[in-house]
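Every number here is computed from the coordinates shown, using simple stated rules; none is lab data. Remember, predicted model here, so these are calculated numbers, not experimental data. Neighbour counts run over all protein chains shown; Cβ positions are idealised from the backbone, glycine included.
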Amino acid sequence: MSEEFCVVCGRTDVAVTEGECADCFAKRVPLVTAPEHTTVVLCPTCGARCVGQHWEPSVAGDRLTTDDLTPILAPHPEVGIRRVLWTESGGTPTLRELEGEVHLRFRGSDRVLGVRITVKVNHRACPNCSRKSGRFYTARIQLRGSENGPHESSADRRERLARIWDRVVPEARLSWRSALSWREALPEGWDFFLTDTTSARALARFLKQRLGADLKESATLWGRKDGHDVYRVTLRLRVPDSLR
């Protein structure tokens, strides 16, 4: 029985697929391709990215990251991309030139390839930031002290509640926090306004659990849209006075 060999280079000490070794195949067929030019749409205010028909929160701001760039690459069906190291090599604030070091697995061996792309950065306000700029909101979270707690001045109460909020809220999901628009100081505490009711409810439940707070929800009729009543939701959280 004859020994298999690569019909291109003649090697017999490597695996052969359809008469060709992996090295010769890789010389003939690109293992990873990338478009010369592509576009990333991001919100200049919050950094959210427009992906298809929806927006995804991001903390990257104006900086392009692996999450923005790696999905642009198109690997061969037999290639598994392990990681990509990106370096910005030049360009302008709206036209970035980048080089990628692609670490991949192909037919049982690890390889490293280089790719170059040019990315146009389009700045567009996301729907959430557009609503915030117009002071639009669908829900608000009221942060209050307990009803029958020890006496404290309005200033002390606001300072204590703000300190608790600023300590705990960063632990919540980014998608919930992205709905936060603005806050208002009141003698009895704080009102936090949000542009998404689902995120407001989720954030309020998170705070209830983390703070051991009492949570109550109410709704008021705001208007009508497409023949349906539209409500604004108020979520009141009473925080134990023992929390500082």
When every residue in segment 102-140 that is surrounded by 17 or more Cβ atoms within 10 Å (Cβ to Cβ) and aliphatic (A, V, I, L, M) is compared, the one farthest from the chain's Cα centre (by Cα) is Leu113
Worksheet item: Is segment 67-84 home to any residue that is in a strand (DSSP E or B), among the hydroxyl-bearing types (Ser, Thr, Tyr) and more than 19 Å from Pro44 (Cα to Cα)?
Response: no
- Meets criteria (surrounded by fewer than 18 Cβ atoms within 10 Å (Cβ to Cβ) and within 20 Å of the chain's Cα centre (by Cα)) for Cys50: yes
Counting only residues that are closer than 24 Å to Ala219 by Cα, part of a loop (DSSP other than H, G, I, E, B) and small (Gly, Ala, Ser), segment 133-159 contains a total of 2
Residue hits (segment 193-215; under 12 Å from Val233 (Cα atoms) and either assigned to a helix (DSSP H, G or I) or not charged (D, E, K, R) (or both)) are Phe193, Leu194, Thr195, Thr197, Thr198, Ser199, Ala200, Arg201, Ala204
When segment 160-184 is checked residue by residue, the ones that are exposed (fewer than 12 other Cβ atoms within 10 Å of the Cβ) and not in a strand (DSSP E or B) are Asp166, Pro170, Glu171
